[in-house]
1. What are the residues in region 401-429 that are surrounded by fewer than 21 Cβ atoms within 10 Å (Cβ to Cβ) and in a strand (DSSP E or B), if any?
2. Can residue 435 be described as among the basic types (Lys, Arg) and modelled with pLDDT under 95?
3. Given the condition at pLDDT 95 or above, crowded, with 19+ Cβ neighbours inside 10 Å and of a type outside the set (S, T, N, Q), answer yes or no: does some residue in region 47-59 qualify?
4. Could you say which residue among 457, 468, 440 is over 25 Å from residue 578 (Cβ atoms), touching a His at 6+ places or on another chain (Cβ under 8 Å) and crowded, with 21+ Cβ neighbours inside 10 Å?
5. Any idea which of 71, 33, 99 is in a strand (DSSP E or B), of a type outside the set (A, V, I, L, M), at pLDDT 60 or above and crowded, with 19+ Cβ neighbours inside 10 Å?
6. For the condition under 23 Å from residue 477 (Cβ atoms) and out of contact with any Lys or Arg (no Cβ under 9 Å at 6 or more places or on another chain), what is the one hit in 258, 237?
7. Are any residues in region 437-492 within 25 Å of residue 315 (Cβ to Cβ) and among the hydroxyl-bearing types (Ser, Thr, Tyr), and if so, which ones?
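The values are calculated or read from the model by the stated rules, or taken from the named source; none is laboratory data. All figures in this text were calculated on a predicted structure; none of them were measured in a lab. Cβ placement follows ideal geometry from the backbone for every residue including glycine, while neighbour counts extend to all protein chains displayed.
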Amino acid sequence: MAKVNEITDHTAKMTLNPPATEGAVEVEPIRSFNPVIRTYLNQIYNSMNASPKGVTSGSESSNHPASLEDFLAYMSSPASAACRPAEKEDLSAPITEYFISSSHNTYLTGNQLYSDAAADAYTNVLLNGCRCVEIDVWDGVPHSDEETSSDSSSSSSSSEDRMSSRKKRIEKIEKKVGKKVEKEIEKGRSEAGTASSKLGHFLSKQLSHSGEASTSAETTATTSESLSKTPSRPEPRVLHGHTLTKGTSFREVCYAIRDSAFANNDLPVIVSLEVHACLEQQETMVEIIKEAWEGLLIDITTESEVSRMPALEDLKRKILVKVKWIPPTGDSEPEGAAQSTNHLEQHASQDSSVGANQGEPAPKKPSKILHALSRLAVYTKGYHFSHFTQPEAEEPGHVFSLSENAAKEAHTNHRDAFFEHNRNFFMRIYPFGLRVTSSNLDPSFFWRRGAQIVALNWQNLDKGMMLNQGMFADEQGWVRKPLGYRNSEDSPVRRNLDLSIEFFAAQGLPLPPGDTNAKGFKPYVVSLLHVEQPEDESNQNPQEDNSSDSGKSSYKRTIKHASGMDADFGAQKIVFPTVSGIVEELSFVRFKIKHEKLGPDQLAAWACIRLDRFQEGYRLIHLYDTAGSKTEGFLFVKVSKVVY
C-alpha cells in the first residue's frame, strides 16, 4: 500500500453535510468498508490532523471532521459520491431547449436482424428515464377463414393471455416504482381536462377535453374490454421491416406505453411513429391511439399553425406524437377511400408519363399518411429534410430526422446553419441502418451541435449508452441545454480543464458476465475524458465510426491491474493533459473496470459522470454492471479538478 501521508500533501476539497438537493435520487449509504479502504481512510484522517492544510471546503476549516467516526460517517454517506446530485430542473423553458433521453427501434430486444419485438421493451426504457420512443408500424396480416374459425373457438384463451401479459407488466411497473399504476392512470385521465385548459390558454384556442374522470375500477374495466376483444379486422404490427425480427401488436405497445409513461415521471413522452401501414390500417392506428392514450394526447379541435413552443411544465403527463405531417387537402373524400390506394397510385404513375408528353402537370400522388393520423402531431410534426432554407425549417413544431451520416454531412457542409437551427427547432438523429448489432453512435458529438433527440439502441450497452447515462443520470429524461445552445444570441461558455485522479482501492466489484472465479479476477481501470476536440470540427469523413474506444487517444488513461473484487490499486495516479475550450455540461468522464486475461479483456463494471457534476476531493465512484444495473461496488478515488 502506498504511503497515504505523501498522498495527502495535496489539499483536497470536501464538503461535509452538503445541503440536500430537492428531487435528487441518492445512492444507498455504505454499510461498512473493507479492510483495504478502511486503512486508507484511517491514514488519510491522521494525515489531515497532522497537516495545517487539512481537508476542507474551499478555505473554510469549519468543515474539518471532528473525529474519525465523523469522517467515516461522511465517506459512507451519499454525500461522498463522485457524482453530484442532480439539481431540480427548470421546466419553464420551451421544449426545444432541452436534451431528451431517446430510444431507437425501441421495440427490439436485441440485434436489428432477427431479435424479437416486445411491448415490454417500452416498459423497460420508460421506467429507466427514456422520454422519446420509436414505433415502426406495418400492416397486420389478415386472418384466413380457417384461422378466424380457430381464433373464435380460442378467443377466450387469447383474451386471457393478453390480460395476463398486461397484469405481469403492471406488477413489474409497481415493483419498480413502489405504487399502484392504475391510480396513476386514473390520475392522468382526471387531470386531462385541467392540462388541456392550460394548453388551450397557451394556444388561444379551444382544446378537446377528455370528459369526466374514470374511477380505478372503470379504468381497469375499460382496459380489460379493449385488450380482450378479438379484432374484427387485421390490426397493425410493430416490427423491423424486411428483416427476420418477430413482431408484436401495435395495440399492446400503445397500452404498454400508457401503463409505463408516467409511472415514475410526469414529464412528457414523445412517440416517434415510423409508418409503413396502409391507409386502412392507419385508421385502426388512430382508433387504438385515441383509445389507449385517452386524456394524454394534445387534441386540437381546429387546424391551426403553432406560433411558438410551450414550456416543458405545461406538457406534464402528455404524450406527443411525432409523425410525418400532411396538411389537410380540403377534399371531402372519406377516409375509407384508402382502400383504393394501390389503384390510384398505379393510375397516377401511368398518367404521369402521358401528362409529361402533353405538357400538362402530372396528377398528384396520393398521400401515404392518413391526415387523421398526421394531425395528432402538434409540436412534433415530421418533415423530410432537404436543406436549412426550405420553408418548413422556420415552422415552429417541426422535427427534422436525420441518420447519423446525413447529420454529419449536413454539419460539415452547413455548420453554422446546423447549429442555429437547433437553437430553436427540434432535430432527431438516429443510428445508420448498417448497425445491425445495435451498436450506437457517439451522442455527445450531436449534443454539442444542439440536437435535442439523439436516439440510441438501448438494447446494447456500449459507449453511446454509457454517455447517455452520464447525461441523464437521476434526471427525468429532459435536461436543459447549457447557455449558448438555447434560443438566444449567447455564445457557449468555454473553459479550460486540468484533471487528475488517484485510484486507491475498490470494494465489491462485480465479476464479468459468466465469470465465477473471484480469486482469479484481475481488475484494472480505464479512464476516458470525453470533450470536444479539434478534430470534431475538422472531421470531413461522415462515414467514420466513433462508436468504440479503439485506437489511441490523448484523453485515455489506464492503471495497472490489481487482484480480487476488493482490489488495492495502490494510489495510482492518472493525469490528463490540459484541455481548452470545453463546455462542462457537454463533457464526460467515463470509467471502465476490465478484467485482464488472455485474449480480449472483459468489461466487469463501469460509470460515466458529466463533468459539471464530477466532484473534487476524496470520493466514491458508484458502479453499474454490464447489464446497466446499479451495483454495490465502487471505486475509492481522489479527484483534482480545476476549471478556469
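1. 402, 403
2. On the way: among the basic types (Lys, Arg): yes; modelled with pLDDT under 95: yes.
In short, yes.
3. From region 47-59, those at pLDDT 95 or above are none; that's our starting set.
Checked region 47-59: no residue is at pLDDT 95 or above, crowded, with 19+ Cβ neighbours inside 10 Å and of a type outside the set (S, T, N, Q).
4. Details: 468 fails: touching a His at 6+ places or on another chain (Cβ under 8 Å); 440 fails: touching a His at 6+ places or on another chain (Cβ under 8 Å).
Answer to the check: 457.
5. Working: 71 fails: in a strand (DSSP E or B); 33 fails: in a strand (DSSP E or B).
Criteria check complete, one pass: 99.
6. Working: 237 fails: under 23 Å from residue 477 (Cβ atoms).
None of the others qualify; the one that does is 258.
7. Passing the criteria: 485, 488.
Each row is one residue, and each column tells you yes or no for (1) within 19 Å of residue 40 (Cα to Cα); (2) over 22 Å from the mean Cα position of the chain (by Cα); (3) assigned to a strand (DSSP E or B).
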site	(1), (2), (3)
561	yes, yes, no
581	no, yes, yes
592	no, no, yes
597	no, yes, no
622	yes, no, yes
637	yes, yes, yes
